[in-house]
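Chemist: Can you keep this structure in mind? I'll have questions shortly.
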Amino acid sequence: MTEEALYRGYAIGVGGVLLHSTHAAVVLSLISFTVAHFRWGAAHMLSVVWAGALLSALFVLTENILACMVAHLLIDAVGVLLAHALFRHNAARLLPRSE
């Protein structure tokens, strides 16, 4: 919720007014959102950029921060579920089976 309030609601909503350009606000918001996620490592940057771009487009099209918050929650939930499934799959391959 905090990221959406900051990067979409404030950076795009208020930034668009201050910069007199929604496009410039979206670009700056996307750059700052991506930089904030560098700690995840380079392998995740493409997915961060895509998610940030989709959430930014959703905000610009709907002007609804709640829709962005729900979408962000769903994106994160899918990521957690996929990471868990991948971890279990790799653990099952690496650990010897007990019979």
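The values are calculated or read from the model by the stated rules, or taken from the named source; none is laboratory data. Quick caveat, the model's predicted, so the values are computed rather than measured. Positions of Cβ are backbone-derived with ideal geometry, glycine not excepted, and every protein chain shown enters the neighbour counts. Heads up: the accessible areas ignore ligands, DNA and RNA and are worked out on the full protein's heavy atoms, side chains in. Shrake-Rupley method; radii C 1.70, N 1.55, O 1.52, S 1.80 Å.
Chemist: Just give me the residues in region 39-60 being among the small types (Gly, Ala, Ser) and either within 17 Å of Gly79 (Cα to Cα) or touching a residue at least 40 places away in the same chain (Cβ under 8 Å) (or both), in sequence order.
Modeler: Gly41, Ala42, Ala43, Ser47, Ala51, Gly52, Ala53, Ser56
Table: residues versus (1) of a type outside the set (A, V, I, L, M, F, W, C); (2) within 20 Å of Thr2 (Cα to Cα); (3) at pLDDT 85 or above.
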{"site": "Ala24", "(1), (2), (3)": "no, no, yes"}
{"site": "Thr34", "(1), (2), (3)": "yes, yes, yes"}
{"site": "Ala53", "(1), (2), (3)": "no, yes, yes"}
{"site": "Val80", "(1), (2), (3)": "no, yes, no"}
{"site": "Arg93", "(1), (2), (3)": "yes, no, no"}
{"site": "Arg97", "(1), (2), (3)": "yes, no, no"}
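Chemist: Considering only residues that are in contact (Cβ under 8 Å) with a residue 60 or more places away in the chain and in a helix (DSSP H, G or I), look in region 1-38 and name the one that is farthest from Glu63 (Cα to Cα).
Modeler: Only one residue tops the list, namely Glu3.
Chemist: What are the pairs, 6+ residues apart or on separate chains, where a residue within region 67-92 that is closer than 22 Å to Gly52 by Cβ and of a type in the set (Val, Ile, Thr) has its Cβ under 6 Å from a residue that is open to solvent by less than 80 Å² (accessible area, probe 1.4 Å) and modelled with pLDDT of 85 or more?
Modeler: Filtered contacts from region 67-92: Ile75/Ala51.
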